Every structure is written in structure tokens, then in C-alpha cells.
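Here's the structure, in C-alpha cells; my notes come after.
Only the coordinates and a few stated rules stand behind these numbers; no lab work does. Since we're looking at a predicted model, the values are computed, not measured.
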Amino acid sequence: MKILFVEVVWVPGRKKLPFFQSLLLSSMSIYPTLQARTYASATPDEHEVYLVNERFDRIDFDGDHDVVHINFVTPVAPRAYEIADIFREKGKRVVMSGLHPSALPDEAIRHADSVLVGRDELMWVKLLDDLEKGKMKKFYLSRSKINPENIPRIRVKSKQPLTLVDAVEATRGCVYRCAFCQDSHVCGCEKKCG
């Protein structure tokens, strides 16, 4: 299957930024997202993987992808739903993942064929297996702790023109339950170290 991973990144007002402002935002202040690239890296080798980051690339809504996987957080949910709806109108299967779909899966499923709830890359592999058998479910829930050794290394990179700062995942989760942070409320209040 051909799978398109879409990284939806907030851009102020969705307008084109001046060159130097765009360069500074992309190279120093907005870290690359890890979760979409981790899911892409967990995809079995028999599938073709494409990654598009809206900050650098235009989304090809007319591509011949079999599945579109959209990973996002709450501030960009309206744009993620807009993208998903366009792909679904074109007959593409859409899968959603990320903190926002994990927090509000019933909202996300209105714009997707399946929602990955939680952070477990092995659920993505199970979803692909089910899809190939014609048995894809609406929701895939992370019920178990993932062994940090089973988290795939990032091998799919976005086309970021200049990277001065990159992101590294050293741990997952948090032992605190701050009211303003959705991570521990959605993914559990446990620190997982690699």
C-alpha cells in the first residue's frame, strides 16, 4: 500500500510567511514532530511511505495513496479535519493519531475511518494488518505499556530545508498531572524511559 503521513503544523493565520521569518521558525523555534515520523518508521517495509509537512510542502490531494495518516495536536485540529475531509471526499482511507484524537476520539472519528488512541506504534502495525484483511476497526486503543526498546528509530525524515535544532525522544509520559497539560491525562501518568 501507498501511505501518506501528514504532519499538520500550526502556521499563524495560515498565510505565507516572509522568507527569513519562515527560515527562523523552521530552523530554530518549531521542533520537528516525532510521533508522525515514528509511526512512519514503524510501517512494515512492504508499504511505500511518504511524509508531507505542511510547513514545507503542499499536500497532494490527488495522489494515488491508499491510506492517509494524519497526526496532530489540538491547536491544529480544525485544519487536520479539513485535510481529512478533503481526502475522504476523494475516496481515501484516513487514519488519525496524536494527542487531540486520543483525547477526543469520538470527535475525530467523524473525520476519519479509524483513530489510534494513545501512543503505541504497534497499534499502527495491527491496523495495517487488519486493513489488508478487510477488518479495520474504528478505534485502536493502547491498553499496554510499550517497551521503549520496541519504539522504532526514526528513519523517515521530513524535507526541512535547514535544521539547526532537532527533536529527540528520551522519555515518554510524565509523573505529574498538571491541569493545563493533556499528555499525562491522555497517555497516562507514568514516565517511560529508554
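From Cα coordinates alone, what are the radius of gyration and Dmax values for the range 37-120 in angstrom?
12.2, 34
Cα centroids of the range 47-66 and the range 69-106: how far apart, whole angstrom?
The range 47-66 and the range 69-106 have Cα centres spaced 14 Å from each other.
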